[in-house]
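The values are calculated or read from the model by the stated rules, or taken from the named source; none is laboratory data. Quantities reported herein were computed from a predicted structural model and do not represent experimental measurements. Methodologically, a virtual Cβ is constructed for each residue, glycine included, from the backbone with ideal geometry; neighbour enumeration extends over all protein chains shown.
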């Protein structure tokens, strides 16, 4: 509205000086103007090359174990991609997973022992600790205590990973959402399901594997 008032005042003033502006020159759209609704191809046609480069999302940085956070000092070399590890403070599974992910988003998460021998080697480099949260979670409202489990990577947790008679959702054999997280007891070499109200240390792993958004939501449930 203010723009139209200013234009009208300027038009009246110009007319008093003997000059009559053309209405078409004021209201005609700029033929080079890019409509906000235009598609990417139209936008690219009007952008200089350096602007296109600036607007393009940078490619992800390839994983390099030497670029893991400095706190990840323990190393296991038998994995398919060498991983570094660190021990967290105590907390519930969701809080510890979030702390691991925050170390280097896209690269770090709770331990996923998805390579033969990895859990045993990790146990050997963290003496003095026994029970740790693992990067395994079960979405709520599954058909049975054993269904739906995934690693932090998004891959399914194999049945062979569990201890005998685990997971059992607190022992009654019925899925009641009592135990949707998992821990490992390194002293016994067992993996069990656990409730959200328990507080354990965690082992964070830096292996360059991102945690899918769906899995992040499972940990936060």
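Using the structure shown, decide if residue 176 is under 15 Å from residue 109 (Cα atoms), at pLDDT below 95 and not in a helix (DSSP H, G or I). Reasoning before the result, please.
Working: under 15 Å from residue 109 (Cα atoms): no; at pLDDT below 95: yes; not in a helix (DSSP H, G or I): yes.
So residue 176 fails the test.
Do we have any residue at all in the range 154-170 that's in contact (Cβ under 8 Å) with a residue 40 or more places away in the chain, surrounded by 14 or more Cβ atoms within 10 Å (Cβ to Cβ) and touching a strand residue (DSSP E or B) at 6+ places or on another chain (Cβ under 9 Å)?
So far as the range 154-170 goes, yes, one or more of its residues are in contact (Cβ under 8 Å) with a residue 40 or more places away in the chain, surrounded by 14 or more Cβ atoms within 10 Å (Cβ to Cβ) and touching a strand residue (DSSP E or B) at 6+ places or on another chain (Cβ under 9 Å).
Considering the range 121-151 alone, what residues qualify as being modelled with pLDDT of 95 or more and over 17 Å from residue 194 (Cα atoms)?
143
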